[in-house]
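Visitor: First the structure, then my questions, so here it is.
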Amino acid sequence: MLASVITGLVCLAAAAGVSASQPEARDYSSIGVGPYWVDMPVDHFGGYNATFKNRYWVNATYYKPGGPVVLFDSGEQDAEPLLGYYLQDYHGISAAMATAKEFGGVAILWEHRYYGKSLPFPVNANTTGIQYQYLTTEQALEDVVYFAKQFSVDGIDDSLKPGDTPWIWIGGSYPGARGALIRVRNPEIFYAVWASSAVVQAQVDFWQYYAQAERSLARNCSADWVAITKYGDTVLSQNTTDATYLKYRILRATAGKPGGNATLADKVTWAQAEALSYSSAMSQLRVALGSYQYFGFQASIQPFCDLLESFNNTGVPTWDNSDTSVQVPFSSEAGIAATYGIDKLVDAWLVAIWELDRDSLPGSPLPSDPTGRSWTWQYCTEWGYYQIANADNPHNIISVSRTYNSSQASCLTAFKNSTGLMPSTPNVDAINKYGGWNMTPSNVMFTNGQFDPWRSVTMDSPEPEAPHRNVTTTIPKCNTPPANNDVFGITHANMVHVSDQRVLLTPDANHTNFHTVGFYSPIATEPFYSGMGLFGMALREWLPCFEQHSV
């Protein structure tokens, strides 16, 4: 055992005129945030005896003796871009810092192994399965357990270890699921959890992802999305001139700019159309879905639907001005295909793509980050979530070219140097052994968005095969699961993915970047305040029950 694994923390000099017998009067705000590093075993469970540096940050601004430790888990990304937004309340308020302030706690931003700079091995396109084999849910959960057992901050006199003070986990999406899992797995380490949009039910076939998006669409736009998807699959799945011509039109539409600007569109060639794959062409037809997950229908898809259903704000179902005798009422729920036929819909759809000002839509492209490949390894090996089509769904809005076989083939191709280490199908039992959407942990609050595309694999899943447990705001007693198999938490009306763990009060240049948007709603502040309010009330119920114990 290493004598000390927590390094680099700044010692805090005693405040002038304050004695050690009055710790409550000390000022802890000068403790820097880091980054700091912990020497972490690469393999907690086997014989590979090596360590790596795992990165984290600390903010003790609001600490008072006896206060909790609040850990915000950054999950499957580089944690550093989150620092100002989730550990320093830059331009807003975060759940981690608000909780630390209210209860006198120390806040931590934690970086997951194989992401950012917390790398057991270099991560790039050549990282092998032999190196990735230590990227498992169990290894990553044990990282935080190992860290918590040895955590200390120079300048804070009393112990901050889990047996001496409550540890609180806050996270959304995959980090939210991690929080729920670790409360089941290690209740002696983490005493309370806020799990937002927590994807607790791992499954391979995840066709429901796009089903949730379809449910939020205006009915006319939904009808036409279903129709264009069926038409595209019918035409593009054939190796014909008609298929190449449609690909050519799609490429021109995606290259076009608003106002009929054809500068780039005119450079599209027939050879490019012939080279475009069926699945790639179909993905271009759903270009407007790109930022739905965080921004929802109104901000991300409605501009496209408005252009589509109003015939580019002309009301005329053609663009050669040869037919001005009829107009489509935008409020019609039938849609263009049902009213005027599929040819008019194809015309309208491609012009809507052309005229859509995609540069003004929310959701900045992610900077190139090779550790993003690590999540591919995780879903290919354990979590699944293949966002494929369900041909039997009458409201299907993605191509039937997206199948289990194509997804699995992509995994095997991405890690072709991992023979024997890449399973033939994701091992979802490694996740669901903790209960999935049937888990019954105590001291956990689950929150969701009504139209979150990931809601189908959360505790509040609306899918037929889900348990359909009642979500209640009644705070359960400490260390006791909610009564009647209920789920304690909130489902935020009209919201999408992780809408509630930060509120943006002053917009800044990064507020539409997925690196910083990922744990809050950029379109509404209410989810944060309602979630934070209920979690604060729950902690006031639960924290007095904490008893010191041996870990």
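Visitor: Quick one: accessible surface of residue 252, probe radius 1.4 Å, all protein chains present, in square angstrom to the nearest 10.
Guide: Its accessible surface works out to 50 Å², give or take rounding.
Visitor: On a full-extension model of 0.36 nm per residue, what is the gain between residue 530 and residue 547, subtracting their alpha-carbon distance, rounded to one decimal in nm?
Guide: 3.3 nm
Visitor: How high is the FRET efficiency from residue 430 to residue 240, r the C-beta distance, R0 45 Å, rounded to 0.05?
Guide: Using R0 = 45 Å, I get an efficiency of 0.50.
Visitor: Something else: Normalised by the number of residues in the range 364-428, what is the relative contact order in percent for Cα pairs under 8 Å and 6+ residues apart?
Guide: Here the relative contact order equals 41 percent.
Visitor: Given q = 0.11, 0.14 Å⁻¹, what are the Debye log10 I(q)/I(0) values for the range 137-246, with equal point scatterers placed on the Cα positions and solvent ignored?
Guide: One equal scatterer on each Cα of the range 137-246 leads to -0.60, -0.73.
Visitor: Please report, ordered by residue number, every helix of the chain (full DSSP H runs) that is 18 Å or longer along its axis going by C-alpha atoms and whose mean Kyte-Doolittle hydropathy reaches 0.0.
Guide: Within the chain the helices that satisfy the rule are 342-355, 526-542.
Visitor: Rank these residues by their accessible area, most exposed first, probe 1.4 Å: 309, 274.
Guide: 274, 309
Visitor: Given the chain, what percent of its DSSP beta bridges are antiparallel, to the nearest 5?
Guide: So the antiparallel bridges amount to about 40 percent of the total.
Visitor: Let me ask another. In the range 115-147, whose amide N lies under 16 Å from the spot 7 Å out along Cα-to-Cβ of residue 53? List them in ranges.
Guide: 115-123
Visitor: Counting pairs of alpha carbon atoms under 8 Å apart in space and at least six apart in sequence, what relative contact order in percent does the range 214-355 give?
Guide: 33 percent
Visitor: Taking 7 Å along the Cα-to-C-beta vector as the label spot, tell me the residue 414-residue 440 distance in nanometres, rounded to one decimal.
Guide: Taking the simple label geometry, residue 414 and residue 440 are separated by 3.6 nm.
Visitor: For the chain, what does the relative contact order come out to in percent, with C-alpha contacts under 8 Å and a separation of six or more?
Guide: Once normalised by length, the contact order is 17 percent.
Visitor: How many angstrom lie between the C-alpha centres of the range 168-230 and the range 417-450?
Guide: The two parts, judged by their Cα centres, are 11 Å apart.
Visitor: Any of 53/416; 247/267; 247/344; 161/477 with alpha carbons more than 26 Å apart? Name them for me.
Guide: Long pairs (Cα-Cα over 26 Å): 53/416.
Visitor: What is the gain in length, in nm to one decimal, between residue 266 and residue 284 on full extension, counting 0.36 nm per residue of separation less the C-alpha to C-alpha distance?
Guide: 4.7 nm
Visitor: Using only alpha carbon positions, build the gyration tensor of the range 419-551, then give the equivalent ellipsoid semi-axes as the square roots of 5 times its eigenvalues, largest first, whole angstrom.
Guide: Equivalent ellipsoid of the range 419-551: 25, 24, 17 Å, largest first.
Visitor: Still on this structure: Could you order 44, 112, 468 so the one with the most accessible surface comes first? Probe is 1.4 Å.
Guide: Ranked from most to least accessible, the order is 468, 44, 112.
Visitor: Tell me, what are the semi-axes, in whole angstrom and largest first, of the equivalent ellipsoid of the range 364-428 as set by the roots of 5 times the Cα gyration tensor eigenvalues?
Guide: Sorted largest first and rounded, they come to 23, 17, 10 Å.
Visitor: Please report the projected area of the range 214-355's Cα convex hull averaged over all directions, in nm².
Guide: If I average the Cα hull's projected area over directions, I get 8.5 nm².
Visitor: Could I ask something else about it? Roughly how much of residue 53 is accessible, in Å² to the nearest 10, using a 1.4 Å probe?
Guide: For residue 53, the solvent-accessible surface is approximately 100 Å².
Visitor: Ranked by accessible surface with a 1.4 Å probe, highest first, in what order do 500, 429 come?
Guide: Correct descending sequence by accessible area is 429, 500.
Visitor: If you don't mind, there's one more thing I want to ask. Residue separation times 0.36 nm, minus the C-alpha to C-alpha distance between residue 484 and residue 358: what's the value?
Guide: Residue separation times 0.36 nm, minus the Cα-Cα distance, leaves 40.6 nm.
Visitor: What does the C-alpha gyration tensor say about the overall shape of the range 453-509? Classify as rounded when a/c is under 1.5, otherwise prolate if a/b is larger than b/c, or oblate.
Guide: It comes out oblate by the Cα gyration axes.
Visitor: Okay, next question. How much solvent-accessible surface does residue 340 expose, in Å² to the nearest 10, with a 1.4 Å probe and all protein chains in place?
Guide: About 70 Å², rounded to the nearest 10.
The values are calculated or read from the model by the stated rules, or taken from the named source; none is laboratory data. Note that the structure is a prediction, hence the values are computed from the model and not measured. Cβ sites come from the backbone with ideal geometry, for glycine too, and all protein chains shown count toward neighbours. Protein only, heavy atoms only, side chains kept; ligands, DNA and RNA dropped before computing areas. Shrake-Rupley method; radii C 1.70, N 1.55, O 1.52, S 1.80 Å.
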